[in-house]
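**Student:** Before we start, here is the structure in question, set down as C-alpha cells.
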Amino acid sequence: MESQSSSQLPLVVIVGPTASGKTGLAINLAKKYGGEIICADSRTIYKGMNIGTAKPTQKEQKEVPHWGLDLIEPGEVFTAADFKRYATQKIEEIRKRDNVPFLVGGTGLYIDSVLFDYSFGREKDERLREKLNEMSIEELQNYCRKNNIDLPNNLHNKRHLIGVIERKGNANQRRSVPISTSIIVGITTDTAILSRRITERTEQLLQDGVVDEAIKLGKKYGWDSEAFTGNAYRALKLYLKNEITEDEMKEKITTLDRQLAKRQRTWFRRNEHIQWLSLDDAEDYISSRLAIR
C-alpha cells in the first residue's frame, strides 16, 4: 500500500454466515497487506471455549495478530456496547502501528455497532433486569412477540433477548451510513456447499476433542452458564446427560449451525452497503482496494 496517515488506513470488514470461509480469507489478506484481525463473534469472547466456538487455531493466531478472543470467563457479561468500545480502541491501536484493521465475524450487532457507530442508550433499569432474568428463554421470546420487539440474531441467547427488550423505547442512535474509509464485503456461498462445510466442521470439532473440552468446561463453570447456549455446547450438554445419542448430537450441532447461518444471512442482507462476493472474488476485490491506498 502507498504511504498514508494511520488515521486514513481503511477498516476492512468481512462478514458472512458461519463456515463461509471468512477467517481464512481475512488471514490471507492480513498477511499480505500488514493487517490485524478483530474477531466479531459473541462466542469466541469466552476463555477456554476454543474448539466448540471454532476459534482461529493457535497456528492462525501466530500468523496474524488476533483480537476479540478470550476476553471474559464463561458466565460473565459482555454486551454489544462493550464490544463496540473494545473494537473501536483496537482499531485505533492497530492504525497507530501503521497496520490495517480487519473486522471479521458473523455477529451482526457487533459488526453494526462499530460500522454504524452506535451510541448506546442509558443505563439499564435494574428492577427490569431482575424481572427479565427470572424469565425463561421461551418466556422472553414470547414477550418480544407480544410487544412487537424484533427477536435478536441469536434468539436462544438469554442475554441477547434481555438486551433487545431493555432497548425497547430506548433505541440506540446510529449513523445512516457506515464510517468512512471502510471496505465492507459479505461472503456468498451456495447453500449446498455451505451445508456441506457445516457438516464437515461438525466432524472436525469432534476430531479436535470438543467432547472432552465440554466436560472440563461443564465441571468448571456449570452447565447453566449462558456461555453454553452456543450451538455445539447445547447439543453436547444433551449428549453428556445421555439424553441423545452421538449421531443425534452430531445432527443437532449441524442443524443448529445451519439455522444460525440462515439468521446471519438475513441480518446482513439488511445492510445495503455490503458488497456480496464469492471468496475468490472477495479476495480480488479487497486486494484491489488495498493496493491503491
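Values quoted throughout were computed directly from the atomic coordinates according to the rules given, and no laboratory measurement underlies them. This is a predicted model, so every value here is computed, not measured. Here Cβ is always computed from backbone atoms with ideal geometry, including for glycine, and neighbour counts include all displayed protein chains.
**Student:** Around THR202, with a cut-off of 14 angstrom between Cβ atoms, what is the net charge of the other residues, counting Lys and Arg +1 and Asp and Glu -1?
**Tutor:** Net charge around THR202: -1.
**Student:** Further question on the same structure: Holding the Cα-Cα limit at 21 Å, pick out from LYS22/LYS219; LYS22/LYS220; LYS31/LYS59; LYS47/LYS262; LYS47/LYS252; LYS59/LYS216 the pairs that are longer than that.
**Tutor:** Check vs 21 Å cut-off fails for LYS22/LYS219; LYS22/LYS220; LYS47/LYS262; LYS47/LYS252; LYS59/LYS216.
**Student:** Using amide H atoms built 1.01 Å from N in the peptide plane, name the residues 5+ places from LEU11, or on other chains, whose amide H lies under 5 Å from its own.
**Tutor:** Excluding prolines and chain starts, which carry no amide H, the hits are SER182, ILE183.
**Student:** Moving on to the next point. Could you tally up the Lys pairs in region 60-135 with alpha carbons closer than 24 Å? Skip any pair fewer than 8 positions apart unless they're on separate chains.
**Tutor:** 4
**Student:** Scan region 77-126 for GluC sites (Glu not before Pro) in coil per DSSP, keeping those whose Cβ has at most 15 other Cβ atoms within 10 Å, and list them by number.
**Tutor:** GLU123
**Student:** Still on this structure: Which whole-number percent of Cα pairs in the chain have a distance greater than 37 Å?
**Tutor:** 13
**Student:** Next up: Only Cα pairs under 8 Å and at least 6 apart count here; give the relative contact order of the chain as a rounded whole percent.
**Tutor:** 30
**Student:** Can you tell me the relative contact order of region 192-261? Whole percent, Cα pairs under 8 Å, sequence separation 6 or more. Display every interim value, and only then the final one.
**Tutor:** Values: 30 pairs, mean separation 27.9, N = 70.
Rounded, it is 40 percent for region 192-261.
**Student:** Could you work out which residue, out of SER20, SER225, SER113, moves most in a Gaussian network model of the chain, that is, has the largest mean-square fluctuation with Cα springs under 10 Å?
**Tutor:** SER225
**Student:** Take each of the peptides 31-43, 99-111, 127-139, 79-91, average the number of other beta-carbon atoms within 10 Å over its residues, and list them starting from the highest.
**Tutor:** Ranked from most to least packed, the peptides come out as 99-111, 31-43, 79-91, 127-139.
**Student:** Efficiency by 1/(1 + (r/R0)^6): what FRET value for ARG129 and GLU73, r their Cβ-Cβ distance, R0 = 25 Å, to the nearest 0.05?
**Tutor:** So, using R0 = 25 Å, E works out to roughly 0.80.
**Student:** Between the DSSP loop rule and a limit of at most 11 other Cβ atoms within 10 Å, which trypsin sites (Lys or Arg not before Pro) in region 177-273 are left?
**Tutor:** Details: sites: ARG196, ARG197, ARG201, LYS216, LYS219, LYS220, ARG234, LYS237, LYS241, LYS250, LYS252, ARG258, LYS262, ARG263, ARG265, ARG269, ARG270; in loops: LYS241, ARG270.
In loop regions of region 177-273 (DSSP not H, G, I, E or B), the sparsely surrounded trypsin sites (Lys or Arg not before Pro) are LYS241, ARG270.
**Student:** Whole Å is fine, so just give me how far the alpha carbon centre of region 3-57 lies from that of region 64-90.
**Tutor:** 13
**Student:** How much length would be gained if the chain were fully extended between ARG269 and ASP212, taking 0.36 nm per residue of separation minus their Cα-Cα distance, in nm to one decimal?
**Tutor:** Working: separation 57, 0.36 × 57 = 20.52 nm, distance 3.69 nm.
Result for the pair: 16.8 nm of gain on full extension.
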